[in-house]
Structure formats: structure tokens, C-alpha cells
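Engineer: Take this structure, written in C-alpha cells, and hold onto it; I'll ask about it next.
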Amino acid sequence: MEEEDDCPELVPIDSQPGLPARQIPVTIITGYLGAGKTTLLNYILTEQHNKRIAVILNEFGEGSALEKSLAVSQAGELYEEWLELRNGCLCCSVKDNGLKAIENLMEKKGKFDYILLETTGLADPGAVASMFWVDAELGSDVYLDGIVTVIDAKYGLQQLKEEKAEGLVNEASRQVALADLAIINKTDLVEEEELNQVRNTVRSINGLVKILETQRSRVDLCDVLDLHSFDCQDGAKLTEKLQLVTPTRPHLDKSILTATFEVTGDLCEDALNTFIQDLLWEKKFCNKAGEPMSVIRLKGIVSFAGKVHQVMLQGVHELYELNETPQLWEENPHTNRLVFIGKNLDKNILQEIFISTVVMDGVKKAGV
Amino acid sequence: MASTEARRECETEGCSRDAKLQCPTCIKLGIQGSYFCSQECFKGSWTSHKLLHKKAKEDKHQTEAKNCMEKDTNTDPWLGYRYTGKLRPHYPLTPMRPVPGDIQRPDYADHPRGMSESEQFLKGTSQIKILSPEDIEGMRVVCKLAREVLDIAALMVKPGVTTEEIDHAVHLACVARKCYPSPLNYYNFPKSCCTSVNEVICHGIPDRRALQDGDILNVDITVYHNGFHGDLNETFFVGEVEEGAKRLVQTTYECLMQAIDSVKPGVRYRELGNIIQKHAQANGFSVVRSYCGHGIHRLFHTAPNVPHYAKNKAVGVMKPGHVFTIEPMICEGGWQDETWPDGWTAVTRDGKRSAQFEHTLLVTETGCEVLTRRLEDNGRAHFLAQM
């Protein structure tokens with residue numbers, strides 16, 4: 001093939017093929033057409049011109065394509081690369097085809113510094129995120145850094161409030177629900193009052209997301225890249241964030257909102273797993289109207305009896321993980337904080353079940 | 001952290017700067033010492049450097065060309081591919097075998113790219129089907145037939161027999177039982193079963209290679225009958241096999257059996273990986289991460305996903321009526337895998353051996369039923385007769 005003539009990217013001497021030394025962050029960028037995703041991407045590429053960044057437009061299709069193009073920006077130049085989506089074994093393969101294709105490409109052509117994946121306006125970022133949120137045990141070259149959603153200040157409110165037929169989800173809301181960072185763009189096109197409404201609506205859906213307001217998608221890149229939203233590095237930062245989350249009021253019936261509670265005490269690990277599974281997999285818990293609670297995003301810091309480290313909880317749709325953080329409880333009270341983003345959530349019901357089934361007998365003090 | 005090593009000098013003629021970078025193509029081709037100080041310097045000497053690659057590939061091709069064209073068998077079909085172990089493909093393959101028209105075919109059998117629309121439709125869902133009593137009967141029947149086919153394949157395993165010959169027998173055995181051999185044309189897989197020798201982890205394609213004394217061979221059978229798939233595999237010894245290989249195969253079998261022992265309603269699917277990895281590691285072996293067990297019934301591969309390694313995020317809890325496979329692949333060396341240019345054959349990156357065993361299981365009220373169990377010889381796996 002033609003590659004033999006291409007000059008490959010040099011690799012550091014100590015690294016061997018097959019042993020991932022450095023992991024590359026993947027940032028998923030969502031948002032409706034016209035919100036400013038492409039502008040954001042271009043901005044990132046030009047600002048970070050000394051880094052090697054791969055940009056993949058649109059998520060991977062339903063296994064129909066054999067190849068997919070991606071753009072690589074390096075030293076101010078943009079060139080095209082091809083991902084080979086070998087059709088071979090889609091069946092019992094743990095890693096998604098798209099993920100493997102990216103790893104293969106990096107092995108041949110050297111590692112990128114960042115990978116940006118732009119999804120279509122109607123995509124479920126949760127599904128794309130699960131492609132990259134792989135078990136640490138898989139030793140992937142790639143890790144999920146965070147989900148960024150771009151919202152049009154002028155039309156965003158309309159998109160978020162759009163009523164969908166029964167059973168169908170409002171994609172704009174879902175994108176906000178899953179975002180680690182929400183960029184409200186084109187603020188120059190709206191009045192203060194409208195902007196407040198958009199901001200409040202976003203906040204009402206997702207009590208955790210960081211919100212930035214921009215014109216022409218101009219952001220400080222350290223706010224967009226290296227978010228580390230899915231790993232334990234920033235345990236202390238997460239604790240802070242969780243403490244600041246206030247539960248939200250719905251702006252619409254049937255809308256997505258954020259519920260949160262805190263309970264002090266040690267938890268039984270097995271019981272917590274059962275609680276999470278009953279909530280995420282079995283969808284056993286219902287609100288007062290008898291509608292099953294549906295969680296889109298889940299984050300928390302918990303304490304297990306006998307473990308001196310704080311444990312981080314992360315969940316996207318049905319996937320969840322519990323990981324020990326480097327943070328120690330030390331003399332601090334063992335306050336478990338959980339944040340749920342989803343539909344039909346009832347904080348009191350959740351808290352009650354949590355206290356009665358998960359918290360170990362002994363020190364039980366319900367927080368606000 | 002890297003210890004202090006001898007200072008390396010950049011390869012570029014005239015440049016004596018410190019070299020901290022290496023050419024990745026040289027690593028792949030086994031050329032030592034291609035150290036450079038920077039990408040720019042490397043680009044500068046690229047025109048002459050790439051000749052080293054060319055020469056290495058030509059040398060390799062020459063030595064292999066001598067062996068590879070014996071008796072019209074091509075054992076080096078992919079120019080430039082660096083094999084991880086001693087095994088080579090033996091081409092060409094015989095043409096795809098037809099299946100008589102009166103045998104019910106799965107949807108992918110007639111798709112030009114072998115894609116299964118029914119599987120694609122459910123891709124990404126984690127809802128696990130609870131089989132009705134009729135479905136369960138269908139699964140019992142097909143799994144028994146799959147077992148019969150595997151037992152026939154087992155009889156053929158001896159030095160001198162080619163994997164294609166085994167595949168031929170498997171194909172005929174399926175047809176005789178009015179079964180469609182599930183692997184055939186599944187995403188364009190060219191044969192009716194998978195044969196994986198030594199360092200091949202799984203999905204080996206039967207070809208002209210004759211089995212050699214000392215090999216370990218896994219034959220993976222899946223058959224489709226009356227709308228259901230049944231899947232199982234066993235690793236066999238070919239002739240006299242060394243102690244290390246015996247230990248590997250024995251441990252792999254134990255990993256599967258221990259996992260099966262834990263199956264009952266209420267157990268989380270992700271727990272199986274913990275059991276398997278614990279036992280494999282205790283014996284000094286590693287667990288392949290890239291391939292997993294899967295739900296199976298009217299679809300060949302569906303929810304749940306059953307990884308075999310510890311600490312995985314598999315979704316789902318076992319309930320009566322669930323049907324799925326457990327199929328751990330255990331390795332002598334590292335767990336990392338790579339795929340041959342044929343797009344199927346998965347091999348260990350370090351070229352060391354890998355073994356596998358598989359059963360299709362039905363979760364019952366109290367535990368599970370091993371649908372693909374052997375009915376003779378006390379249900380013992382074939383290799384045990386040769387230990």
C-alpha cells in the first residue's frame with residue numbers, strides 16, 4: 001500500500017508496540033447543526049497548532065462503512081487519514097470497531113495529542129461515549145476525556161423546549177444532560193433576558209455541567225480540553241463540584257432534571273451495586289406517579305466501610321464504574337454525595353431507599 | 001522510570017544530537033538502532049532511511065519465498081506483515097462450500113457482506129431476552145447437534161490432517177443434521193468452523209496447513225437449526241504435547257468450569273471475569289481482553305456481553321431463561337492480541353500459545369444447564385483422555 005512511502009511519526013525510544021504508555025484523550029463534541037461546533041473545532045485546531053489533533057466528523061455508522069476519513073491537524077496543516085473499519089469480527093469483540101480503528105491508526109502513524117469527535121445533531125452522545133469509555137483493564141491507547149455540547153443562544157431554548165411525541169426523547173436535552181461542559185454560543189445575537197433563560201434551562205436540566213458563554217465559539221482551551229471528567233484524577237475537584245450542586249426545578253413536564261442528596265455514613269459495597277443496578281439496569285424505582293425513573297448521567301463520591309480512600313461513582317446510561325480515588329477521607333466526615341440526571345426522578349424516594357438499603361447500620365445522618 | 005542508559009546519537013549523517021526518538025517502522029521490521037533526535041531531522045534523511053525498510057522487506061520476502069511456494073501452497077500472502085509466532089497461513093483456500101437449499105438459513109447467509117440485519121437492529125441494547133419454554137426446547141436441540149458436530153471434529157485431530165479437512169467434515173456433519181454452519185459467511189467468514197492453532201487466540205480460518213505433533217488446536221463450532229444457534233469449542237492436543245501446553249489447556253478448562261459453577265439467578269454477568277482471571281493468574285497465565293462471551297439464541301451474537309477479565313463494566317444480572325456463552329481465552333504470555341491481515345485470525349502479540357473452551361448455558365431457577373455438554377465419557381472434555 002501507499003503507506004510505505006509516507007514518512008511515519010517517530011515514537012519515543014522506550015515505548016514498545018502493544019504497551020500503551022501514554023493515553024490519548026477523546027473529547028466528544030455535540031450540539032445541533034448551526035450551534036457552532038465546527039467553528040469550535042476550527043478554533044481548537046488553529047489555537048493548538050503545535051499539537052497533533054485528530055478530528056472525526058460524525059460518529060461511526062451502523063457497520064456499513066469499510067473506511068472512515070478523519071482530519072489531522074499538525075503544525076498548522078490539515079491532512080486526511082483513513083480509518084480502516086475492518087468488518088471482520090464485530091461479533092464477540094469487546095472493543096468497538098471505531099475504537100480499534102483509531103488505535104490501529106495510531107500504532108501505524110504515531111499518537112495524536114488529542115482526538116475530537118464531532119457527532120451529528122441528533123446523535124445520542126451516551127452511545128458514542130460508551131464506545132470510548134472502556135474498562136481500564138483493556139489497556140486502550142485512548143480514554144474518554146469529556147462531553148462538550150454547544151448550544152445556540154438564539155435557537156437553543158426552542159430546541160430544548162421542543163415537545164416530542166410520547167416515548168421520544170428531546171435530543172437537545174439529552175445532549176445537555178450528558179455534557180460535562182456546555183458552551184452557550186452566539187451570545188452576541190441575543191438580549192440579556194433571553195440569555196438568562198437559556199442558561200437557566202440548561203442549569204435546570206444538568207446541575208453539574210460547567211457553563212461557558214461565548215461568541216464565535218471562542219473559549220479558553222483549558223476549559224475544553226483535558227477535562228478528565230471520567231477518571232479519578234480529580235476526586236477532590238469532583239467533591240467540590242458535588243457540594244455545589246443544587247437540585248433543579250423542571251421547566252417542562254416530562255423534562256430531564258437533576259436530583260441530588262447526601263448521606264453521611266459508610267456504605268455496604270454490594271448493596272450499593274444492587275441499588276445502582278436496580279436503578280440503571282432494572283429500572284425498578286418509580287416516582288410518585290408510578291413512572292419509572294430513568295437516569296442518563298450519574299456521579300458521586302462514596303465511602304465504603306473499611307476503605308480509607310474516597311470512591312468515585314460514574315455512570316452513563318447503563319454503564320457505571322466505581323473507582324478508588326487518590327483522596328483519603330482522613331478526619332473528614334464520611335459524607336456520600338450522589339447526583340442523578342434523568343427523567344421522573346424523585347430525590348426523596350431515592351434517598352429513602354438509599355438510606356434503608358445501602359448505608360450500614362450505625363452512623364446515619366441524612367443531609368439536606 | 002527509565003534508568004540512565006548509554007547516550008544515543010541521532011542516525012542522520014552529520015548530526016550528533018541526542019536521540020530520544022525511534023522509527024516505528026524499523027521496530028515493526030525488527031531493524032535495530034534507528035534513533036533520531038527529531039521528526040524534522042528524520043524527515044530530512046527519510047529518502048535514504050526508507051531504503052532500509054525496503055531492503056529488510058525484500059530480504060524477508062526472499063527467505064520466505066523459498067519455503068512458501070512448495071507444492072503450490074502460499075505461506076506468505078501478505079507482503080510486509082510481521083508474524084508474531086511461527087504459524088503461517090497456508091493458501092489458497094478451497095472455494096466456499098454450499099449448503100443445500102432445504103436447510104434453514106440465518107439472515108446473514110445471503111447478505112453480500114455477510115451482515116446480520118437482525119443483530120444490527122439490536123446493536124447497543126443491553127436488554128437480555130428471557131426465553132420461552134418453546135425457545136428453550138429449540139436451544140436444547142441445536143446445542144445437542146452442535147455437540148455432535150464437535151465430537152466428530154475431535155475424532156479427526158491428529159498430525160498430518162489439515163484444518164481444511166476438519167472443516168470439510170464439520171460442514172458435512174452440519175448438513176447431515178439439517179443445520180447451517182453458523183460461521184459460514186458471517187461477516188464474510190469463508191469457512192464453516194474456526195480452527196485456532198497454538199498462538200491463534202480465536203477465529204482461525206481452516207486452511208491447507210497440516211497439524212503437527214505438539215500443536216494445540218481449538219475447534220469452534222456453531223450450528224443453526226430451526227431458527228436457533230448453538231455454540232461450543234474445545235482445545236485438543238495434536239500428538240504428544242509438552243507439559244507447558246498441557247497446563248495451559250487444563251487451566252483454561254478449569255477457568256470455564258469454575259465460571260459455570262457460579263452461574264445462577266442473581267449473579268452479575270461482570271462477576272464471571274473476576275472468577276476467570278483469578279484462576280488464570282494464579283497459574284501464571286493471562287486472560288484475553290478483546291473477545292468476550294455473548295448472548296445466543298435466534299441471534300448468533302447478542303446481549304449480554306460477557307468479558308472474561310476482572311473489573312469489567314458488563315451490564316446485566318442473570319435471570320432464569322437467559323442463554324449465553326462463556327468462552328475464556330487464556331494465554332501463556334501476555335494478553336495483548338493482534339489480527340492478521342485476513343481480518344479474522346486473532347493472534348497473541350508475543351507469539352505464545354493461547355487456549356480456549358466454550359459452552360452455551362441456560363440459566364435455570366437454581367443454577368444453569370450446560371446445553372452443549374458432552375453426553376459420553378462422563379461429560380469430560382476430549383483433552384482429558386490424553387493428559
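The values are calculated or read from the model by the stated rules, or taken from the named source; none is laboratory data. Computed from a predicted structure; not experimentally measured. Every residue, glycine among them, receives a Cβ derived from its backbone with ideal geometry; neighbour counts consider all protein chains shown.
Engineer: Any residue at all in the stretch B:309-326 that is within 20 Å of B:Glu199 (Cα to Cα), facing another protein chain (nearest Cβ under 8 Å) and of a type outside the set (Ser, Thr, Tyr)?
Structural biologist: The answer is no, given that none of the residues of the stretch B:309-326 is within 20 Å of B:Glu199 (Cα to Cα), facing another protein chain (nearest Cβ under 8 Å) and of a type outside the set (Ser, Thr, Tyr).
Engineer: What single numbered condition from (1) free of Cβ contacts under 8 Å to residues at least 12 places away in the same chain; (2) assigned to a helix (DSSP H, G or I) fails to hold for A:Arg174?
Structural biologist: Only one criterion is unmet by A:Arg174, namely (1).
Engineer: Of these, B:Lys60, B:Lys129, B:Lys54, which one is charged (D, E, K, R), in contact with a helix residue (DSSP H, G or I) (Cβ under 9 Å, 6 or more places away or on another chain), buried (at least 16 other Cβ atoms within 10 Å of the Cβ) and at pLDDT below 90?
Structural biologist: After applying the criteria, what remains is B:Lys60.
Engineer: Okay, next question. Would you check which residues across the stretch A:286-315 are buried (at least 18 other Cβ atoms within 10 Å of the Cβ) and either modelled with pLDDT under 90 or in a loop (DSSP other than H, G, I, E, B) (or both) and list them? Can you show your working first?
Structural biologist: If we filter the stretch A:286-315 for residues that are buried (at least 18 other Cβ atoms within 10 Å of the Cβ), which is where we start, we get A:293, A:295-304, A:310-315.
Within the stretch A:286-315, A:Met293, A:Ser303 meet the criteria.
Engineer: How many residues does the stretch B:228-245 contain that are under 19 Å from the mean Cα position of the chain (by Cα) and assigned to a helix (DSSP H, G or I)? Before you say what the answer is, go through the steps one by one.
Structural biologist: First, the residues of the stretch B:228-245 that are under 19 Å from the mean Cα position of the chain (by Cα): B:229-238, B:245.
Filter once more, keeping what is assigned to a helix (DSSP H, G or I): B:245.
Selection size over the stretch B:228-245: 1.
Engineer: Out of all the residues in the stretch B:364-376, is one or more more than 28 Å from B:His322 (Cβ to Cβ) and in contact with a Lys or Arg (Cβ under 8 Å, 6 or more places away or on another chain)?
Structural biologist: Scanning the stretch B:364-376 turns up no residue that is more than 28 Å from B:His322 (Cβ to Cβ) and in contact with a Lys or Arg (Cβ under 8 Å, 6 or more places away or on another chain).
Engineer: Does the stretch B:362-375 contain any residue that is among the β-branched types (Val, Ile, Thr), more than 14 Å from the chain's Cα centre (by Cα) and within 12 Å of another protein chain (Cβ to nearest Cβ)? Talk me through it step by step, then tell me what you get.
Structural biologist: Taking the stretch B:362-375 and keeping what is among the β-branched types (Val, Ile, Thr), we get B:363-364, B:366, B:370, B:372.
Next, from what is left, pick out any that are more than 14 Å from the chain's Cα centre (by Cα): B:363-364, B:366, B:370, B:372.
The next check asks that each one be within 12 Å of another protein chain (Cβ to nearest Cβ); those that pass are none.
Checked the stretch B:362-375: no residue is among the β-branched types (Val, Ile, Thr), more than 14 Å from the chain's Cα centre (by Cα) and within 12 Å of another protein chain (Cβ to nearest Cβ).
Engineer: Sticking with this one: Looking at the stretch A:114-126, can you tell me whether even one residue there is modelled with pLDDT under 80, within 14 Å of chain B (Cβ to nearest Cβ), under 26 Å from A:Ala179 (Cβ atoms) and in contact with a helix residue (DSSP H, G or I) (Cβ under 7 Å, 6 or more places away or on another chain)?
Structural biologist: Yes.
Engineer: When residues of the stretch A:205-222 are filtered for being touching a residue at least 24 places away in the same chain (Cβ under 8 Å), surrounded by fewer than 20 Cβ atoms within 10 Å (Cβ to Cβ) and assigned to a helix (DSSP H, G or I), how many remain?
Structural biologist: Matching residues across the stretch A:205-222 total 1.
Engineer: Shifting gears a bit: For B:Gly33, indicate whether it is at pLDDT below 85 and among the small types (Gly, Ala, Ser).
Structural biologist: yes
Engineer: If you check A:Val169 against the conditions, is it in a loop (DSSP other than H, G, I, E, B), free of Cβ contacts under 8 Å to residues at least 60 places away in the same chain and closer than 17 Å to A:Gln314 by Cβ?
Structural biologist: no
Engineer: Within the stretch B:128-148, track down each residue that is touching a Leu at 6+ places or on another chain (Cβ under 9 Å) and aliphatic (A, V, I, L, M).
Structural biologist: B:Leu131, B:Ile136, B:Met139, B:Val142, B:Ala146
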